[in-house]
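Derivation of every value follows stated rules applied to the coordinates shown; laboratory data play no part. Everything numeric in this text was worked out from a predicted model, so none of it was measured. Counting neighbours? That spans all protein chains shown, and the Cβs are built from the backbone with ideal geometry, glycine included.
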Amino acid sequence: MMLGLLLRGGLGLLVLLWSFIPPLVSLRDLAERPKLLLVSFDGFRWDYVNRVPTPNFHILMEEGVTVEQVENVYITKTLPNHYSLVTGLYAETHGIVANDMFDPVLNRSFSMDTDSLYESQWWEQAVPLWVTIQNSGGRSAAAMWPGSDVKIHGMFPTRYLPYNASVGFETRVEHIVKWFSAPEQEAVDFGVLYWEEPDDSGHDFGPESSLMDAVIADVDEKLGFLRNELKKAGLYERVNLVVTSDHGMTQLFADKIIELDQYVSRDLYTWVDKSPVVGILPKEGKLDEVYEKLADANPYMAVHLKDAIPERLHYRHNVRIMPILLEAREGWTIVQNRSTPHMLGNHGYDNTLRSMQPIFLARGPAFRQNYVKPAMRSVDLYPLMCHILAIPPLPNNGSFSNVRDLLHPEPTVSPPSIPTPAGLVRPSYFPVVVGSFLGLMLVVGFLMVFVQQVTLKQLPSLKHASREMSQPLLQEDLHL
Ligand SMILES: [Zn+2]
């Protein structure tokens with residue numbers, strides 16, 4: 001009787017301890033954590049890979065997935081699109097609506113070319129993926145990604161480089177690779193890597209210039225450098241690599257200039273943001289007058305009152321979007337007068353224009369191989385990355401179901417409570433679970449023998465009580 005109680009108590013205690021094991025030692029920590037590196041080559045238009053030999057891009061296509069048409073977000077500028085990639089939100093929702101902004105509530109101006117870039121308040125209408133990952137106990141790294149060296153919701157990426165355009169691509173890669181290949185307790189799960197080309201040259205030369213050929217070839221070599229560094233670090237088969245961009249680029253023409261000074265006095269409005277989409281803030285009481293002067297001023301310039309901006313652009317519901325929005329026709333430039341320096345290439349136009357759309361390639365353990373998908377939206381990338389990284393996504397404008405086919409098909413049997421990327425984490429759970437179970441059985445067996453020996457020595461009058469050990473009663477308590 002006494003022996004039975006002891007055994008029940010001992011095993012009950014073990015069962016209790018067992019129930020605490022999963023929370024104490026998370027399976028996710030024991031397993032190999034999924035990893036993802038998101039790379040943006042600024043202004044890399046989707047078709048650049050077809051105009052000069054780009055062997056590294058083409059290897060990625062064979063090894064992974066290609067999306068032929070990616071609809072990015074309006075306006076097709078650098079900051080709005082980079083923030084959409086890491087939030088899954090349209091610009092009107094994440095709040096970085098342009099490279100240059102005015103916020104009438106904050107009564108402050110923002111420009112990517114001034115220190116206002118580092119004011120947290122501009123970025124905190126949304127939460128970038130690196131912050132969400134860190135709030136979930138993970139680690140992230142950033143090499144010059146726009147906004148990644150800004151403190152957002154009290155947080156920087158776990159590892160990051162402050163923005164410095166003079167730091168070469170190779171140095172950025174070396175840092176990122178080092179942070180990914182650190183010991184597992186310190187290694188990052190998610191990284192973002194940014195390079196300014198081919199955008200800079202695209203503005204200077206125009207995308208149709210033959211001078212762009214060498215620039216595109218150089219970006220391909222840089223991608224090759226990244227692939228080699230990942231291979232040397234043993235990361236190439238472990239890291240899910242996504243290579244994309246924020247927007248494309250279109251050719252401008254010196255005779256396709258719209259001069260606002262011809263139509264409306266500068267005294268009546270403040271010019272916010274630059275061509276080809278211009279935010280106009282009329283002076284107090286001057287909204288109607290400015291609108292009437294501009295509305296039919298030039299057939300190559302669309303003029304929208306804020307409330308009438310087409311819904312499909314998702315560019316209306318934010319105080320940082322100005323009362324009047326001007327949009328030039330593709331290839332046209334809006335200036336106040338011709339003294340403004342003229343570029344040969346630009347972007348920012350309607351996001352349904354093919355010339356404004358970026359490249360999208362991805363490869364790695366989660367992705368299918370040699371797979372081509374016709375179309376996606378860039379906001380769909382965020383839920384896709386969250387799925388791969390097993391992080392619950394925050395509310396977003398993307399849809400995982402739109403891009404699920406980029407990944408290996410889900411195994412038919414899966415544990416319901418642990419979202420896992422296909423084929424990456426699940427196999428490593430198996431030995432952990434089996435090992436834990438066998439270990440537990442060993443401990444139980446040892447304790448049973450130990451208790452039996454001790455009890456028999458101390459209670460010689462209960463010789464026959466040991467028979468209880470052969471009875472199945474204890475199994476009723478063990479819901480293994
Ligand atoms: Zn850009």
> What are the ³J(HN,Hα) values, in whole Hz, obtained from phi via the Karplus relation 6.51 cos²θ - 1.76 cosθ + 1.60 with θ = phi - 60°, for each residue of region 34-44 in sequence order, with x given for Gly and Pro?
Replying inline: x, 10, 8, 10, 9, 10, 10, 9, 4, x, 7
> Among rounded, prolate and oblate, which fits region 39-133 when a ≥ b ≥ c are the square roots of the eigenvalues of its C-alpha gyration tensor, a/c under 1.5 means rounded, and a/b larger than b/c means prolate?
Replying inline: prolate
> Where does the charge balance sit around Asn240 when Lys and Arg score +1, Asp and Glu -1, over other residues with C-beta under 13 Å from its C-beta?
Replying inline: +1
> Out of residues 5 or more away from Leu252 or on other chains, whose amide H comes under 5 Å of its own, with H placed 1.01 Å from N in the peptide plane?
Replying inline: Gly345, Asn346
> In nm, to one decimal, how far is the His153 label point from the Ala375 one, both placed 7 Å along Cα→Cβ?
Replying inline: 3.2 nm
> Summing +1 for each Lys or Arg and -1 for each Asp or Glu, what net charge is found among the other residues whose Cβ lies under 11 Å from the Cβ of Ser140?
Replying inline: +2
> Which order, highest average first, do 68-79, 389-400, 251-262, 347-358 follow once you tally other Cβ atoms within 10 Å for each residue and take the mean per peptide?
Replying inline: 68-79, 347-358, 389-400, 251-262
> What is region 257-346 by shape, rounded, prolate or oblate, if you read a ≥ b ≥ c off the alpha carbon gyration tensor as root eigenvalues and call it rounded for a/c under 1.5, prolate for a/b larger than b/c, and oblate otherwise?
Replying inline: oblate
> Once you charge only the Cβ atoms, +1 for Lys and Arg and -1 for Asp and Glu, what is the size of the charge dipole of region 257-346 about its Cα centre, to the nearest 20 debye?
Replying inline: 260 debye
> What residues have an amide H closer than 5 Å to that of Leu37, excluding those fewer than 5 places away on the same chain, when H is modeled at 1.01 Å from N in the peptide plane?
Replying inline: Gly191, Asn240, Leu241, Val242
>> If R₀ is 41 angstrom, what is the calculated FRET efficiency for the pair Arg329 and Val52, using the beta carbon separation as r and rounding to 0.05?
In response: 0.90
> When the Karplus curve 6.51 cos²θ - 1.76 cosθ + 1.60 is applied with θ = phi - 60°, which whole-Hz ³J(HN,Hα) does each residue of region 48-61 get, with x for Gly and Pro?
Replying inline: 4, 5, 9, 9, 9, x, 10, x, 6, 5, 6, 4, 4, 4
> Convex hull volume of the Cα atoms in region 156-313, per residue, in Å³?
Replying inline: 193 Å³
> Going 7 Å from the Cα of Thr340 toward and past its Cβ, which residues in region 95-121 have a backbone nitrogen under 20 Å from where you end up?
Replying inline: 97-103, 109-114
> Taking the highest mean first, how do the peptides 169-175, 279-285 order by number of other beta carbon atoms within 10 angstrom per residue?
Replying inline: 169-175, 279-285
> Can you list the residues, at least 5 places off or on another chain, whose amide H is less than 5 Å from the amide H of Trp46, using H built in the peptide plane?
Replying inline: Gln357, Ile359
>> Relative contact order of region 257-346, please, whole-number percent, based on alpha carbon pairs below 8 angstrom and at least 6 residues apart.
In response: 40 percent
> Under a Cβ-Cβ cut-off of 12 Å, what is the net charge of the residues other than Ala217 that fall near it, where Lys and Arg count +1 and Asp and Glu count -1?
Replying inline: -3
> What relative contact order, as a whole-number percentage, does region 27-105 give when Cα pairs under 8 Å and 6 or more residues apart are counted?
Replying inline: 18 percent
> In percent, how large is the relative contact order of region 30-161, given Cα pairs closer than 8 Å and 6 or more residues apart?
Replying inline: 16 percent
> Among 138-151, 303-316, how do they line up from the highest to the lowest mean number of other beta-carbon atoms within 10 Å?
Replying inline: 138-151, 303-316
